[in-house]
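> I have a structure here, written as structure tokens, and I will follow up with some questions on it.
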Amino acid sequence: MKKLFSLALALSLGATVFAQEKKDLTLNIVPLPQHVQINNGSFKINASTNIAFDSEEDKKVAVLFQDFLKSNYNLDLPLAKSAKSNSIYFSSKNAKKGNTEAYELNITADKVIVGGKAAGLFYGMQSLIQLLPVDKKASLEIQQASIQDEPRFAYRGLHLDVGRHFFPVEFIKKYIDILSSYKLNTFHWHLTEDQGWRIEIKSHPKLTQIGGQRKQTLLGNYKTDGDYDNTPYGGFYTQEQVKEVVAYATSKYVTVIPEIEMPGHALAALSAYPELGCGDNPGPYTAAQTWGVFDDVFCAGKEETFKLLEDVIDEVIPLFPSEYIHIGGDECPKTKWKTCPHCQKRIKDNNLKDEHELQSYFIQRMEKYINSKGKRIIGWDEILEGGLAPNATVMSWRGDQGAIDAANQGHDVIITANSYGLYFDHKQGPDQNREPLSIGGLSTLNSVYSSDPMPSKISEANKKHVLGVQANIWTEYIGSSNKVEFTLLPRVLALSEIAWTQPEKKNWKNFSEQRAARQLAKLDQTSTFYRVPEVYGIKDTTIYASEYTIENLKPSVEGAKIFYTLDNYDPSELDLEYTGPVKITVPNSKERIFKAVVVTPSGKRSNYIRVNIINTKK
Ligand code: TNX
């Protein structure tokens, strides 16, 4: 009897544990959906499950899901034109009118219905994918639930600078996969820089032939007397490759916004066409080999400058279906314009007050041209200087002021400033000694997550002008695809949540310890690099005590282990495993240094967190 009772107890305990685990599954979606209702029971995907769809557009998403199951779970399920029982059904039939990015996901015992149109349907599929188990060999059970979801912001962007370092087409596609899997919808492709022009322009082939190359690259941190690698560096995308990327992005419901920088960050272009620099005998110029802001910019006085840029725009526009063309506008020193007879004549002829108004003239003139081709411009917030171009959208990167000014003038804005943690080129932890080479600054997972990209100083009526949010990956110090991935992940998870989820729903503990930890466990099984967040539950601190207990530590990746040392060596999987409270006793006038790391199932290691415990008693 007693035995029977304990068996029943064990069974029911087992059942509750199982139920809780299942509940967590549904909560493990990143970005967190707006409405989740968890129901009892599960849907089991098995060999006789079919993947049904309505329209041809719906079929595209159904096929993406089919491919995902094939390549990730080794399960090849058939497609079906109508949903019977045991179906996963992608359907636009009952999609609500309104937000085309909205979706519904209903999981019952015999059917999964993903409801939405185009992008919405795709995002429903992404949520469904996230509900699949981490363990690839486990049975494919999905918690019964009902989800209604839609994004907070219409613009959810990620940028990549391919000028400082060049990344191959295959990697750009992977980048698009990653961003779209977290429901971001815009890829801002920063294609031209001082250090390299990366897009083929047939009417001006020297832009890539000469401007796509630099002689060598700075080694290590920025120094004016730095060392160089003495190795030529170059690369560019042909127009065919650009088309391939754009088509790929379109299939993932991602818009690609190209950026052609002007009037600054133009040294590579000037190296190819020196006659477009200031003065009567400009140049020669070479594509930059180091980082920073350079005085040599496009001459704003010469008609030839506008001719070349218009030719470039004429070739760029047909390649990109995007409503927007980004024309840069940032960091344009006025030094050369001040003494250039052509620029000064332009100022005089157009009754401009100064060189800032000349910059405004430049941008407005290019805007007019681009508008005449049916496209709109975006520029960095310097385009506010000397008067904003009439239809421009502003990317606010130097804090909030640009966003506030532009929105209050009735212009659309996109928030990208690092005051919101959005400069992903900044380091991910405060201690430079524990981080790889970077530009400096700080943008932690937590700083991204805890920001709300809606500047409070924008008036209620103008808040509608905040289209959304974007993180930037500038690549001065990022020379490999692996490092781009490390830079992106896991902060892109936090970006997706501030872009998608209503701010009152955010919860750092749930995000970091549960949902992100689950997604990172999935990532850990792939070849994608990511930065393992530090152990949760302790911070770098110094404690004065003769005895101290370290407890409640949590790994940042589901299924990972925590290891520690007490001897000030950097811990690894060779050291002591943390399995519960660690009581540390410190003799009088001694110190103990507790250092802990997370080690993931694939063997990736986090940075350590350190707690110094000092006993000051003599
Ligand atoms: C500023 S953000 C820049 C870039 C640099 C970046 C480094 C912006 C519009 N300009 O040229 O790469 O800082 O963080």
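> Let me know the charge dipole size of the chain about its Cα centre in debye, to the nearest 20, where only the beta-carbon of Lys, Arg (+1) and Asp, Glu (-1) is charged. Spell out each step's value before the answer.
Working: 72 positive and 74 negative charges, 412 e Å.
Its charge dipole is roughly 1980 debye.
> Per 0.36 nm of contour for each residue apart, how much would the distance between residue 527 and residue 514 grow if the chain were fully extended, relative to their Cα-Cα spacing? Please list the in-between numbers first.
Working: separation 13, 0.36 × 13 = 4.68 nm, distance 2.19 nm.
2.5 nm is the gain from fully extending residue 527 to residue 514.
> Let me ask something else. For the modelled label position 7 Å from the Cα of residue 373 along Cα-to-Cβ, which residues of segment 232-269 have backbone nitrogen atoms closer than 12 Å?
Inside the label zone: 258-260.
> Under 23 Å between alpha carbons, and skipping anything fewer than 8 positions from residue 345 in its own chain: which lysines qualify?
302, 307, 334, 336, 353, 368
> What's the local net charge at residue 255, with K and R +1, D and E -1, over the other residues with C-beta under 14 Å away?
Numbers: positive: 156, 183, 252, 375, 376; negative: 101, 259, 323.
The answer is +2.
> Follow-up. Over what distance in Å are the Cα centres of segment 417-473 and segment 98-155 separated?
Their Cα centres are 28 Å away from one another.
> Follow-up question, since we're still on this one. So how many Å³ per residue does the convex hull of the Cα atoms of the chain work out to?
On the way: hull volume 121.2 nm³, N = 618.
Once divided by residue count, the hull of the chain is 196 Å³.
> Rank the residues 254, 413 as a footprinting-exposure proxy: fewest other Cβ atoms within 10 Å of their Cβ go first. Intermediate values should be presented prior to the final figure.
On the way: 254 24, 413 29.
Neighbour counts put them in this order, fewest first: 254, 413.
> Let me ask you something else. Run lengths n ≥ 4 of DSSP H only: what is the helix-derived mean residue ellipticity at 222 nm for the chain, with -39500 (n - 2.57) per run over all residues, to the nearest 500?
On the way: 16 runs with 178 residues, N = 618.
About -8500 deg cm²/dmol.
> Using a Förster distance of 25 angstrom, determine the FRET efficiency expected from the C-beta separation of residue 108 and residue 81, and round it to 0.05. Mind showing how you got there, number by number?
Numbers: r = 21 Å, r/R0 = 0.83.
Using R0 = 25 Å, I get an efficiency of 0.75.
> Now for a separate question. For the chain, what does the relative contact order come out to in percent, with C-alpha contacts under 8 Å and a separation of six or more? Could the numbers behind the result be given before it?
On the way: 1389 pairs, mean separation 65.2, N = 618.
Dividing the mean separation by the residue count of the chain yields 11 percent.
> Tally the DSSP beta bridges in the chain and give the antiparallel ones as a percent, rounded to 5. Working shown, then result.
Working: 42 of 89 bridges.
Just about 45 percent of them are antiparallel.
> Give the residue from 203, 454, 410 lying farthest towards the positive end of the charge dipole for the chain; charges sit on Cβ (+1 for Lys and Arg, -1 for Asp and Glu) and the dipole is referred to the Cα centre.
It is 454.
> Here's another thing I want to ask about it. Under a Cβ-Cβ cut-off of 14 Å, what is the net charge of the residues other than residue 34 that fall near it, where Lys and Arg count +1 and Asp and Glu count -1?
Values: positive: 96, 152, 183, 505, 506; negative: 101, 104, 149, 150, 497, 504.
Around residue 34, the charge tally is -1.
> Is the C-alpha gyration tensor of segment 196-256 telling us rounded, prolate or oblate? Criteria: a/c under 1.5 is rounded; beyond that, a/b larger than b/c is prolate, otherwise oblate. Kindly include the intermediate steps, with their values, before the conclusion.
Values: a/c = 3.76, a/b = 1.81, b/c = 2.08.
It comes out oblate by the Cα gyration axes.
> Which shape class applies to segment 166-500: rounded if a/c is under 1.5, otherwise prolate when a/b exceeds b/c and oblate if not, where a ≥ b ≥ c are the square roots of the Cα gyration tensor eigenvalues?
Numbers: a/c = 1.42, a/b = 1.17, b/c = 1.21.
Since a/c stays below 1.5, the shape of segment 166-500 is classed as rounded.
> Let me ask something else. For residue 373, what is the net charge nearby, where nearby means another residue's Cβ is under 12 Å from its Cβ and Lys, Arg count +1, Asp, Glu -1? Numbers along the way, then the final one.
Working: positive: 368, 375, 376; negative: 310, 314, 315, 323, 367.
Residues near residue 373 contribute -2 overall.
> Helix 491-500 sits at what angle to the longest principal axis of the chain, using alpha carbons and giving 0 to 90 degrees rounded to 10?
Once rounded, the angle reads 90 degrees.
> Could you state the angle between the C-alpha long axis of helix 169-181 and the longest principal axis of the C-alpha atoms of the chain, as a value from 0 to 90 degrees rounded to the nearest 10?
That helix lies at roughly 50 degrees to the long axis.
> Hey, another quick one. At 0.36 nm per residue, minus the direct Cα-Cα distance, what do residue 250 and residue 146 gain on full extension? Give it in nm, one decimal, please. Walk me through the intermediate numbers first.
Numbers: separation 104, 0.36 × 104 = 37.44 nm, distance 2.80 nm.
Full extension of this stretch gives 34.6 nm more.
> Among 318, 436, 286, pick out the residue whose Cα is farthest towards the positive end of the charge dipole of segment 166-500, where Lys and Arg carry +1 and Asp and Glu carry -1 on C-beta, about the Cα centre.
Of the candidates, 318 comes out farthest on the positive side.
> Can you list the GluC sites (Glu not before Pro) in segment 536-618 that are in a DSSP coil and have 14 or fewer other beta carbons within 10 angstrom?
Hits after loop and neighbour filter: 551, 573.
> Charges at C-beta only: +1 for Lys and Arg, -1 for Asp and Glu. How large is the resulting dipole of segment 175-245 about its Cα centre, in Debye rounded to 20? Walk me through the numbers before you get to the answer.
Numbers: 8 positive and 9 negative charges, 39 e Å.
Here the size comes out at about 180 debye.
> What is the helix-to-structure angle for 2-27, meaning the angle in degrees between its Cα long axis and the longest Cα principal axis of the chain, kept from 0 to 90 and rounded to the nearest 10?
10
> Let's see if you can work this out: charge +1 on each Lys and Arg Cβ, -1 on each Asp and Glu Cβ, no other charges. What is the dipole magnitude of segment 166-500 about its Cα centre, in debye to the nearest 20?
Numbers: 33 positive and 44 negative charges, 76 e Å.
About 360 debye.
> Working out 0.36 nm times the residue gap between residue 504 and residue 590, then minus their Cα-Cα distance, what length gain in nm do you get to one decimal?
Working: separation 86, 0.36 × 86 = 30.96 nm, distance 4.62 nm.
This chain segment gains 26.3 nm when fully extended.
> Is segment 541-614 rounded, prolate or oblate when judged by the Cα gyration tensor, a ≥ b ≥ c being the square roots of its eigenvalues, rounded requiring a/c under 1.5 and prolate requiring a/b larger than b/c?
Values: a/c = 2.55, a/b = 2.02, b/c = 1.26.
Here segment 541-614 falls in the prolate category.
Just so you know, all these numbers are worked out from the coordinates, no wet-lab data involved. Computed from a predicted structure; not experimentally measured. Here Cβ is always computed from backbone atoms with ideal geometry, including for glycine, and neighbour counts include all displayed protein chains.
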